[in-house]
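Structure first, commentary second.
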Amino acid sequence: MAKKFLLCFHDFSVWNYPKVMPILKSLKDLAGRAFSVLVIPSTEGASEEAVAGFRAALTELRAEGFELALHGFKHKAEFSQGRNYMGLIGMNMTGGEAEFAGLSEFESSRLLQAGLAAWKELFAGENVAPAAFIPPTWYSNKFLPRQVRAEKMLYEDRFSLTTAAGRRFCSPVASFAGIPAATEGLALAFGKVILRSPVKVPRLALHPVDFPHLETAARDLIRVALNNKRKIVHYSEL
C-alpha cells in the first residue's frame, strides 16, 4: 500500500488570496498534485470587488483540482462569551486566533453554523461542501468534534483526524506557524522525521506567513515526503 501525506495550506482568505494564489500554484508544480486549501470563509469588511475576486479564486482552485476545507469562521475571536479558563489561555497563546477554544456547547455550535453560513454565501448557487473542518490553531472544545461530525465533515485536531463516520487515527503535523524563530530548525527536523516515519497519514501544514521566509524549508519537506514514496491525498480520500 502506498504511503500517504496531507499537504494543507491554511488561512486562505479574502484578505490574502492575491498573494497566496501564486504560492499555491508553485507548490502544486513541485508536489505534482493539487492539495488541500483551508478557507477562512468570513468576508466581513471586504469590498465587493475583493469578495468577487475571492470567489473567482476559489472557483479557479476547484477547477485545478485543489480541495477546499472550512477553517473556522473569522480565525479571530471578537469576544469570550461562554469561554472557559483553558479557552482563555488558548486565546492568549494565539493572539486571539483560537476562536473555538474552550467554548460552551451553545457558543461552539453558533460559531460553527456562522462559519457554514459564510461558506454557503461564498458558494451561493453551487453545491460545494467543505471537505473537512479544521478549527483555527487547532485549539477546540469538547463539543466541537461531535458537532462537526453531525454536519458530515471530517474533523482535524492537532494530533489526529476523525472521519464523519467516527473513525479516528493518529496524524502528527509539521508546522512553523506561531513558533519562535529559534525553534524553526527543530520544526523542520520534526517534519522530516514524521514524513520518513511509518505513521499512516502525517500532515504538512503551511501558512501564508511562512512565505517567503520559510519557503525553502517548506519545499524541502515536500521533497522529503515525495522522496520517501509518499503521495498527497485529500481529506475526502481518507
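The values are calculated or read from the model by the stated rules, or taken from the named source; none is laboratory data. Just so it is clear, the structure is predicted and the values come from calculations on it, not from any experiment. Note: ideal-geometry Cβ built from the backbone for every residue, glycine included; neighbour counts use all protein chains shown. Just the protein is used for accessible areas: all its heavy atoms, side chains included, with ligands, DNA and RNA removed. Shrake-Rupley method; radii C 1.70, N 1.55, O 1.52, S 1.80 Å.
Can you name the residue in segment 125-151 that is more than 13 Å from the chain's Cα centre (by Cα) and under 15 Å from LEU68 (Cα atoms) and is also most open to solvent (accessible area, probe 1.4 Å) among such residues?
ASN127
In this structure, is SER36 at pLDDT 95 or above, in contact with a strand residue (DSSP E or B) (Cβ under 6 Å, 6 or more places away or on another chain) and of a type in the set (Gly, Ala, Ser)?
Considered against the rule, which asks whether it is at pLDDT 95 or above, in contact with a strand residue (DSSP E or B) (Cβ under 6 Å, 6 or more places away or on another chain) and of a type in the set (Gly, Ala, Ser), SER36 comes out as yes.
Where residues in segment 5-26 are assigned to a helix (DSSP H, G or I) and closer than 20 Å to GLU97 by Cα, which of them is most open to solvent (accessible area, probe 1.4 Å)?
Restricting to residues being assigned to a helix (DSSP H, G or I) and closer than 20 Å to GLU97 by Cα, the top hit is TYR17.
Please enumerate the residues belonging to segment 69-128 that are in a loop (DSSP other than H, G, I, E, B) and hydroxyl-bearing (Ser, Thr, Tyr).
SER80, THR94, SER104
Read through the list (1) under 18 Å from ARG158 (Cα atoms); (2) surrounded by fewer than 15 Cβ atoms within 10 Å (Cβ to Cβ), then give the number of the only condition that ASP29 fails.
If we test ASP29 against (1) under 18 Å from ARG158 (Cα atoms); (2) surrounded by fewer than 15 Cβ atoms within 10 Å (Cβ to Cβ), just (1) comes out false.
I'd like to know if segment 50-64 contains one or more residues that are in contact with a helix residue (DSSP H, G or I) (Cβ under 9 Å, 6 or more places away or on another chain), assigned to a strand (DSSP E or B), over 16 Å from GLU151 (Cα atoms) and basic (Lys, Arg).
No: segment 50-64 contains no residue that is in contact with a helix residue (DSSP H, G or I) (Cβ under 9 Å, 6 or more places away or on another chain), assigned to a strand (DSSP E or B), over 16 Å from GLU151 (Cα atoms) and basic (Lys, Arg).
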